[in-house]
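Q: Let me begin by handing over the structure; questions about it come next.
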Amino acid sequence: MLLDMVHRVRSYQPKTIKVASHVPQAAVLVPITESTHPQVILTQRATGLSTHSGEVAFPGGHYEQQDVDLIATALREAHEEVGLLPERVKVVGPLSTLMSKHGVSVTPYVGLVAEHTEYVANESEIAAIFSVPLSFFADDAREMTHRIDYQGRSWYVPSYQFEGYKIWGLTAIMLVELTNLVFGADIDLHRPPVGKLKII
């Protein structure tokens, strides 16, 4: 499965966004364990932060001048937030760029990490680090759906619950794209889900 995932991500042509030069850019790392049953590594942001306080997210942050490119941004931020050394990450490739509700262009990069990597949370930014089997998202086990009207379209974004963590928003959108790519799932973010799931 892992080799197939790598092939699919490397062969993928993600969507990009044309943004003005003044629009802030950011990047996140989507760490996947090199294991028989790959896990995705996620963080819960510390409470009291100015943005995304207490939310589940991938390690990442804003592009800075010393960064060679956005991949460097993702790796630097992952090191700062969870203690993951850049040389311990095998970058596979990008997913589609998204625009956050704060007007920031965010590009995710899928990267492989060793299964038994030890992480150290930067307590000023990160409250918890946890992992979820990637296959969990293939079943689309959403608890509810958030309808977001953006750029003239309605987005039906899943909200997942995993061991007490709520996974939603941009993070969920990125996971849906990865799940559709890796597992051939057909989770459509632009149609309401079939069934009795609550839409808010």
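Every number in this text was worked out from the coordinates using simple rules, so none of it is lab data. The structure displayed is predicted, hence computed values, not measured ones. Cβ sites come from the backbone with ideal geometry, for glycine too, and all protein chains shown count toward neighbours.
Q: Filter the GluC sites (Glu not before Pro) in the range 77-151 to those in DSSP coil with at most 14 other Cβ atoms within 10 Å of their Cβ, and list the result.
A: GLU115, GLU118, GLU123, GLU143
Q: Let me ask something else about it. For GLU55, list long-range residues whose amide hydrogen, built 1.01 Å from N in the peptide plane, is under 5 Å from its own amide hydrogen.
A: So GLU55 has HN proximity to ARG45.
Q: Just want to confirm a number: the relative contact order over the chain, from Cα pairs under 8 angstrom separated by 6+ residues, in percent.
A: Reported as a whole number, the value is 23 percent.
Q: Report, to two decimal places, the Cα Rg of the range 25-135 normalised by 2.2 N^0.38 Å (N = number of residues).
A: 1.00
Q: With no solvent and one equal point scatterer per Cα, compute the Debye intensity ratio I(q)/I(0) for the range 1-63 at 0.17 Å⁻¹ and report its log10, rounded to two decimals.
A: -0.86
Q: Bin by bin, in steps of 10 Å, what percent of the Cα pairs in the range 70-119 do you find, going until the bin that has the longest distance?
A: Using 10 Å bins, I get a P(r) of 24, 50, 24, 3 for the range 70-119.
Q: Another question about this same structure. For the chain, give the magnitude of the charge dipole about the Cα centre (Cβ charges: +1 Lys/Arg, -1 Asp/Glu; no others), in debye to the nearest 20.
A: Charge dipole of the chain: 780 debye, to the nearest 20.
Q: From the phi of every residue in the range 121-126, what ³J(HN,Hα) in whole Hz does the Karplus formula 6.51 cos²θ - 1.76 cosθ + 1.60 yield, where θ is phi - 60° and glycine or proline is x?
A: 6, 6, 4, 6, 10, 10
Q: Most mobile of ALA127, ALA74, ALA172 per a Gaussian network model of the chain (Cα springs, under 10 Å)?
A: ALA127
Q: Compare SER124, SER135, SER96 in a GNM of the chain, Cα atoms joined below 10 Å, and give the one with the largest fluctuation.
A: SER124
Q: Over all directions, the average projected area of the alpha-carbon convex hull for the chain comes to how many nm²?
A: Averaged projected hull area, Cα only: 11.4 nm².
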